[in-house]
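J.: Below you'll find the structure I mean.
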Amino acid sequence: MPRTLLVIGTRKGCFVLESDADRRDWALRGPYCEAWPIYHAVYEPSSGAIYAAAASEWHGSAVWRSGDLGETWALSSEGLAYADDDGRKVSKVSALAASPGRVLVGVEAPGIFESRDDGATWSQLTTLAGEPGSDGWDDPANQPPGHLGLSALMLDNDDDSRFWAIVQGVGVFETGDGGQSWTPRNRGLRAEWPRPHEEVGFCVHKLVRSAADPSRMYQQNHCGMHRSDDSGETWTEITDGLPSDFGFAAAAHPHDRDTFYVVPLDPGHGRVMPEGRASVWRTSDAGSSWQRLDRGLPQQGAHVGVLREGMAIDSYDTPGLYFGTSTGQLFASPDEGDTWNEIASYLPSISSVEVAVLD
């Protein structure tokens, strides 16, 4: 029988939940990683390893690795730093992507580091130097206020040399040669602020790709939901019908290219679910219409947020959907979002949710 594995990154360590294929009863383990703040944790199926991107105010930035589903862990930061004469510092490891034989991390200040030895050592792969907008992260004196980092990575599972990166407040970039060169992929996006460069200056929060059709992508932006039908070369806004054009988390259905999920949030400083009513929204027609999914979710006083890596979907024939909140609740749906159950409570603030189906 298959097992279902959830890997949860929180502000106080990494947690693991396990269930069977029914996804009704869950066993919780953790916290792991010595309760370091974990910003993103992923499972790499070919090696069976869990990687957790961590950043501690006392110990700095590093990546934890477990090869036995959380029973034991090793910590590494060797090579995970800019050169001594570089004005930038690695203040946070914020994003992870793992494939057979390679692990990538996105860091703040913006850059990508790579490991070819299962996370034991790291080397700088790229800072996207020379790209439009890179003067804002190449020179620390020119950086805008607030945090500016490489917040997300998305791999092409069929081409090891191709992947996408999000630079906060700048946009999506694609590489087809393993990170040696890059192309901005933001045409058609909306921005509500002045932009010095035509190709960048967009605040992309989350990028996902359809497993059913690799040319179909979706994203949750600071300014609306968007869909691409050409692998990100152009974008069309599909916000109409949602209660807000703002949010972070998103997930694409594994078998249906037209089905996509998002968690709209109040766009103000609170950034919580509108009216305190928890819900996930689903489109089954590529954004032409939206359906509110809230059966089993709290509908009063649920002033919670969901971060960019806070939602995941599994690969069963009837997919299960999962999301974790800023106040430590973890919700699961075994039926594509139609009904929900709270499967963990009182966790630390949840930064990321990843799911895997183990044979």
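The values are calculated or read from the model by the stated rules, or taken from the named source; none is laboratory data. Note that the structure is predicted; figures quoted are calculated from it, not measured. Positions of Cβ are backbone-derived with ideal geometry, glycine not excepted, and every protein chain shown enters the neighbour counts. For the accessible areas, the whole protein counts, side chains as well, though only heavy atoms, and no ligand, DNA or RNA atoms are used. Shrake-Rupley method; radii C 1.70, N 1.55, O 1.52, S 1.80 Å.
J.: Can you give me the accessible area per residue for the range 213-289, using a 1.4 Å probe, in Å²?
T.: Value for the range 213-289: 34 Å² per residue.
J.: Counting only protein heavy atoms, what percent of the accessible surface of the range 114-261 is carbon or sulfur at a 1.4 Å probe?
T.: For the range 114-261, the apolar C and S fraction of the accessible surface comes to 43 percent.
J.: A further question on this structure: At 0.36 nm per residue, minus the direct Cα-Cα distance, what do Arg295 and Arg24 gain on full extension? Give it in nm, one decimal, please.
T.: Using 0.36 nm per residue and subtracting the Cα-Cα distance, I get 96.0 nm.
J.: Sticking with this structure for a sec: Can you sort Glu198, Glu354, Glu233, Glu114 by 1.4 Å-probe accessible area, starting with the largest?
T.: My answer, sorted largest first, is Glu198, Glu233, Glu354, Glu114.
J.: Between Asp86 and Ser345, what is the label-to-label distance in nm when each label sits 7 Å out along the Cα-to-Cβ direction?
T.: So the two model labels end up 4.6 nm from each other.
J.: Using a Förster distance of 51 angstrom, determine the FRET efficiency expected from the C-beta separation of Asp338 and Trp58, and round it to 0.05.
T.: Taking R0 as 51 Å, the efficiency between Asp338 and Trp58 is 0.70.
J.: Would you tell me the accessible area of Ser61, worked out with a 1.4 angstrom probe on the heavy atoms of the protein chains, in Å² to the nearest 10?
T.: Its heavy atoms expose roughly 20 Å² to the probe.
J.: Between Thr236 and Met1, what is 0.36 nm times their sequence separation minus the Cα-Cα distance? Round to one decimal in nm.
T.: 80.5 nm
J.: Now a separate question. Give the range of the longest stretch in the chain that excludes all chymotrypsin sites (Phe, Trp or Tyr not before Pro) found in loop regions by DSSP and having at most 12 other beta-carbon atoms within 10 Å.
T.: It works out to 59-345.
J.: Using only the heavy atoms of the protein chains and a 1.4 Å probe, how would Asp335, Asp118, Asp158 rank by accessible area, largest first?
T.: Asp158, Asp118, Asp335
J.: Something else now. Run the 1.4 Å probe and let me know the accessible area of Arg257, rounded to the nearest 10 Å².
T.: The accessible area comes out at roughly 80 Å².
J.: List the aspartates and glutamates whose alpha-carbon lies under 18 Å from that of Lys89, not counting same-chain residues fewer than 8 positions away?
T.: Glu57, Glu78, Glu108, Glu114, Asp135, Asp138, Asp139
J.: Could I ask something else about it? Mind giving me the FRET efficiency for Ala211 and Ala74? R0 is 25 Å, r the Cβ-Cβ distance, nearest 0.05 is fine.
T.: With a Förster radius of 25 Å, E is 0.20.
J.: Working with all protein chains in place, sort Arg190, Arg102, Arg11 by solvent-accessible area computed with a 1.4 Å probe, largest first.
T.: Highest to lowest solvent-accessible surface, that is Arg11, Arg190, Arg102.
J.: Based on the inverse mean of 1/r over its pairs of different Cα atoms, what is the Kirkwood hydrodynamic radius of the chain, in Å?
T.: 20.3 Å
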